[in-house]
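The block underneath contains the structure these notes are about, expressed in structure tokens.
The values are calculated or read from the model by the stated rules, or taken from the named source; none is laboratory data. Keep in mind it's a predicted model, so treat the numbers as computed, not measured. Quick reminder, even Gly has a Cβ in these numbers, built from the backbone with ideal geometry, and neighbours come from all protein chains shown. Heads up: the accessible areas ignore ligands, DNA and RNA and are worked out on the full protein's heavy atoms, side chains in. Shrake-Rupley method; radii C 1.70, N 1.55, O 1.52, S 1.80 Å.
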Amino acid sequence: ISGNLQRSRTLAESTLNRAEEGRFVKYKLAALTNLSVTALYSGHAERASRLLGQVIPETTQLTYVKLGALDTLAQACLYADDLESCRRALEQCLQAGTADRVPGRSWYDLAHQLTRCAYYERLEDWPQIVAIADQVEPELARRQYKALRTSLLCAKARALARLRQHTAAQACLTTAVRVCPRGAVDPLIVLEASKGL
């Protein structure tokens, strides 16, 4: 989705049509989830929530699709400033992640940590954000998920700044600048906003 919402929406719609024609439930649910993300990023949180209402009940055995859908639902709740619904969606994400039987943390689980940080940022629970970042950041570095790592380091830097640990916040931002992938729009925007704070 990064960089071109229209192209992402078109691709998700095309995937949805093909999945429905071929009766591929997994791809249909994934396409609907992607459409919900494009709706949310376009400022249509209600539409995103409606699409996710179609997806989540059908994802019982598809834990990674369920985690992605629940994470998007949590983001939609944050967008709508519905913190209680967001908390419930985050709890469901934890359950879905626990049910996912993979040897390591999935990309979806790692990306979900950014949503958790955004939730705790709303609650102004700065130590919790630092704890999340400290737990996940080494794995993001090892697997070279540079965009996610940049955004997570920025969340940590903002939390540290709020805790008045300015030297540590600056060190996080320095690492984030070094890690930020060239040409990646989203992490660069987050990085600049974090510098501003």
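The table below lists the values:
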{"read-out": "Residue-wise HN-Hα coupling along region 15-23, computed from phi with Karplus coefficients 6.51, -1.76, 1.60 (Hz; x: Gly, Pro)", "value": "4, 4, 4, 5, 5, 5, 4, x, 6"}
{"read-out": "Positive-end residue of Ala169, Leu73, Leu51, charge dipole of the chain with Cβ unit charges", "value": "Ala169"}
{"read-out": "Rg/Rg_ref, region 1-95, where Rg_ref = 2.2 N^0.38 Å and atoms are Cα", "value": "1.03"}
{"read-out": "Sparsely packed trypsin sites (Lys or Arg not before Pro) within region 1-87, loop by DSSP, other Cβ within 10 Å at most 13", "value": "Arg23"}
{"read-out": "Relative compactness, the chain, computed as alpha-carbon Rg over 2.2 N^0.38 Å", "value": "1.04"}
{"read-out": "Gyration tensor over alpha-carbon atoms, region 97-197, equivalent ellipsoid semi-axes in Å", "value": "21, 17, 11"}
{"read-out": "Å² per residue, accessible surface of region 17-135 at 1.4 Å", "value": "55"}
{"read-out": "Any cysteine of the chain lacking a neighbouring Cys Cβ under 4.7 Å - listed by number", "value": "Cys93, Cys117, Cys154, Cys172, Cys180"}
{"read-out": "Formal net charge of residues neighbouring Asn17 (Cβ-Cβ distance under 14 Å; K, R +1; D, E -1)", "value": "+1"}
{"read-out": "Anchor Lys195: lysines whose Cα lies under 26 Å away (excluding residues fewer than 8 positions away in-chain)", "value": "Lys146, Lys156"}
{"read-out": "Virtual spin-label span in nm between Val25 and Leu11, 7 Å along Cα→Cβ", "value": "2.6"}
